[in-house]
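S.K.: One structure coming up, written as structure tokens, with questions to follow.
Values quoted throughout were computed directly from the atomic coordinates according to the rules given, and no laboratory measurement underlies them. Since this is a predicted model, take the numbers as computed values, not measurements. Using ideal geometry, Cβ is built from the backbone for each residue, glycine included, and neighbour counts are taken over all protein chains shown.
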Amino acid sequence: MKQEPTPIASTRIAFIGGGNMASAIIGGLIQQGLNGDQITVVEPVAEQRARLQTQFGVRTEAAAGPALQGCGLVVWAVKPQVFRPVAQDCAAQVAGALHLSVAAGIRSDSMASWLGSERIVRAMPNTPALVGQGMTGLYARAAVAAADRGLIEAVIGTTGQYLWVEREADLDAVTALSGSGPAYVFYFLEAMRQAGTEMGLSAETATRLAIGTFAGAARLAQDASEPPEVLRERVTSKGGTTYAALSSLEASGVKAAFVQAMHAAGRRAQELGDEFGA
């Protein structure tokens, strides 16, 4: 049976910025069979350009120019503080394209103003996309057609899972929960390693135990039909070791502090939009 071409196969894609998240998406696209000649990356740092050319065989440019013309999709992978001037530099070449932004905080109203386009999708990915295990929240403006959504899903799907949100404001919560979330996991892994070494384990053994436990528990939660609190209760026998640990965490206010920390991340995402938007 003849296989139907994917939406990606006939699309020229430009990346504005060639850092980690751009690399994760490019790597996923190349693995799915996209030719490196179909991808152009605008990246001002020469070392980054050389790495992208060597690793993926993509075309690179030091600045916006005619090479961007004709690209069907433009992926914005720049820092929030430089988005506006870079977008204004590129607008003339990419106004007719579909735009996908992975920049935290910058709202689509601002992007529409800078780019002269309403075909804008905002994405909040996270760093596990680097190993194909990302979790990305997506929001589309009203002008984004069903075919455009299909193209975005095909692109982001190469990095892991995704979900759409109906309100753009929800992306601030997505940023706080999953966008910044890997850092929270690493933070707890650090604490578990420290505790393990203080109790006599080697750092290597403690690290392996902590990582394996997080990975297994996450998979169990993913496959289970019960909510996390039920799973927690099932492994917490009153008077047992887990009960002692969780009681200590509750007495120290860890859950409340953790929730407060994510609210702080969400507020910062809002502030980035206010600070660097139109």
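S.K.: How far is helix 146-156 tilted, in degrees, relative to the longest principal axis of the Cα atoms in the chain, given as a value from 0 to 90 rounded to the nearest 10?
M.R.: For 146-156 against the chain, the angle is about 60 degrees.
S.K.: Turning to a different aspect of this structure: Cα extents of the range 141-263 along the three principal axes, largest first, in whole Å?
M.R.: Between the extreme Cα coordinates on each principal axis of the range 141-263 lie 57, 29, 28 Å.
S.K.: Using the alpha carbon gyration tensor of the range 42-133, what are the three equivalent-ellipsoid semi-axes (square root of 5 times each eigenvalue), largest first, in whole Å?
M.R.: Ellipsoid semi-axes (Å, largest first): 21, 18, 12.
S.K.: Against the longest alpha carbon principal axis of the chain, how many degrees, from 0 to 90 and to the nearest 10, is the axis of helix 203-223 turned?
M.R.: Once rounded, one gets 70 degrees.
S.K.: Could you tell me the relative contact order of the chain? Use alpha-carbon pairs under 8 Å, at least six residues apart, and round to a whole percent.
M.R.: Computed value for the chain: 16 percent relative contact order.
S.K.: Pairing the Cα long axis of helix 181-198 with the longest principal axis of the chain, what angle in degrees results, from 0 to 90 and rounded to the nearest 10?
M.R.: With both axes taken from Cα atoms, the answer is about 30 degrees.
S.K.: Rounded to the nearest 500, what is the 222 nm mean residue ellipticity of the chain from helices alone, with -39500 (n - 2.57) per DSSP H run of 4+ residues and division by all residues?
M.R.: -16000 deg cm²/dmol
S.K.: What net charge do the residues around LYS255 carry, taking every other residue with its C-beta under 12 Å from that of LYS255, with Lys and Arg at +1 and Asp and Glu at -1?
M.R.: Counting the neighbours of LYS255, the net charge comes to -1.
S.K.: So, one more: Taking the alpha-carbon centroid of each part, what is the distance from the range 38-57 to the range 77-123 in angstrom?
M.R.: 20 Å
S.K.: Average projected area of the Cα convex hull of the range 30-89, in nm²?
M.R.: Average projection, Cα convex hull of the range 30-89: 4.5 nm².
S.K.: Find the percent of Cα-Cα distances in the chain that exceed 26 Å, and round it to a whole number.
M.R.: When every Cα pair of the chain is considered, 50 percent fall beyond 26 Å.
S.K.: If we count every other residue with Cβ under 15 angstrom of VAL86's Cβ, Lys/Arg +1 and Asp/Glu -1, where does the sum land?
M.R.: -1
S.K.: Place +1 on the Cβ of every Lys and Arg and -1 on the Cβ of every Asp and Glu in the range 132-278, take the dipole about the Cα centre, and give the residue among THR207, VAL165, LEU272 whose Cα lies farthest towards its positive end.
M.R.: THR207
S.K.: Okay, moving on. Rounding to the nearest 20 debye, state how big the charge dipole of the chain is about its Cα centre with +1 on each Lys and Arg Cβ and -1 on each Asp and Glu Cβ.
M.R.: Rounded to the nearest 20 debye, it is 260 debye.
S.K.: If neighbour count is taken as other Cβ atoms inside 10 Å, put HIS263, HIS99 in order from fewest to most.
M.R.: HIS263, HIS99
S.K.: Among VAL94, GLY70, PHE83, flag the residue with its Cα farthest along the positive direction of the charge dipole of the chain, charges on Cβ as +1 for Lys/Arg and -1 for Asp/Glu.
M.R.: GLY70
S.K.: Another one. Taking every Cα atom in the range 13-168, find the radius of gyration and the maximum pairwise distance Dmax, and write them in Å.
M.R.: 14.1, 39
S.K.: Quick check on the range 131-189: take the gyration tensor over C-alpha atoms, sort the square-rooted eigenvalues as a ≥ b ≥ c, and tell me if it's rounded (a/c under 1.5), prolate or oblate.
M.R.: Cα axes put the range 131-189 in the oblate bin.
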